[in-house]
1. If one takes the longest principal axis of the Cα atoms in the chain, at what angle in degrees, from 0 to 90 and to the nearest 10, does the Cα axis of helix 12-24 lie?
2. Excluding ligands and nucleic acids, what accessible area in Å² is computed for Met22 using a 1.4 Å probe, to the nearest 10?
3. Calculate, in whole percent, how much of the Cα-Cα pair population of the chain lies beyond 18 Å.
4. Would you rank Ile6, Ile23, Ile55 by solvent-accessible area, highest first, keeping every protein chain in place and using a 1.4 Å probe?
5. Using heavy-atom solvent-accessible surface (probe 1.4 Å) with all chains present, what is the largest-first order of Val61, Val54, Val35, Val14?
6. Excluding ligands and nucleic acids, what accessible area in Å² is computed for Tyr37 using a 1.4 Å probe, to the nearest 10?
7. How would Leu2, Leu57 line up by accessible area, probe 1.4 Å, largest first?
8. Placing unit charges on C-beta atoms (Lys and Arg positive, Asp and Glu negative, everything else neutral), compute the dipole magnitude of the chain about its Cα centre in debye, rounded to 20.
Amino acid sequence: MLQYKILSSSYPEVLEKEVNEMIAAGWVPQGGVGVAYKHEHAHNLVSHLVYVQVITLQDQVAG
């Protein structure tokens, strides 16, 4: 079974660390890093960029 996960962070170095940890655990990045502008309306939060990486893990099937 294929597992799919989306990692995201407001800081590229944090996302990089998380992706490297997941790679060490057997996960594989899919495509490049996506970047989106997130506009916050509530609580007077400042708008910012969000960095996103999709990763997948193929479970090993005992044979």
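The values are calculated or read from the model by the stated rules, or taken from the named source; none is laboratory data. Fair warning: this is a prediction, and the values are worked out from it, not measured in the lab. Cβ sites come from the backbone with ideal geometry, for glycine too, and all protein chains shown count toward neighbours. Surface areas here come from the heavy atoms of the whole protein model, side chains and all, with no ligands, DNA or RNA. Shrake-Rupley method; radii C 1.70, N 1.55, O 1.52, S 1.80 Å.
1. 10
2. 40
3. Values: 869 of 1953 pairs.
The share of Cα pairs beyond 18 Å in the chain comes to 44 percent.
4. Details: Ile6 100, Ile23 80, Ile55 0 Å².
My answer, sorted largest first, is Ile6, Ile23, Ile55.
5. Listed by decreasing accessible area, they come as Val61, Val35, Val14, Val54.
6. For Tyr37, the solvent-accessible surface is approximately 150 Å².
7. Details: Leu2 105, Leu57 35 Å².
Final ranking, largest accessible area leading: Leu2, Leu57.
8. Numbers: 3 positive and 6 negative charges, 25 e Å.
Computed charge dipole of the chain: roughly 120 debye.
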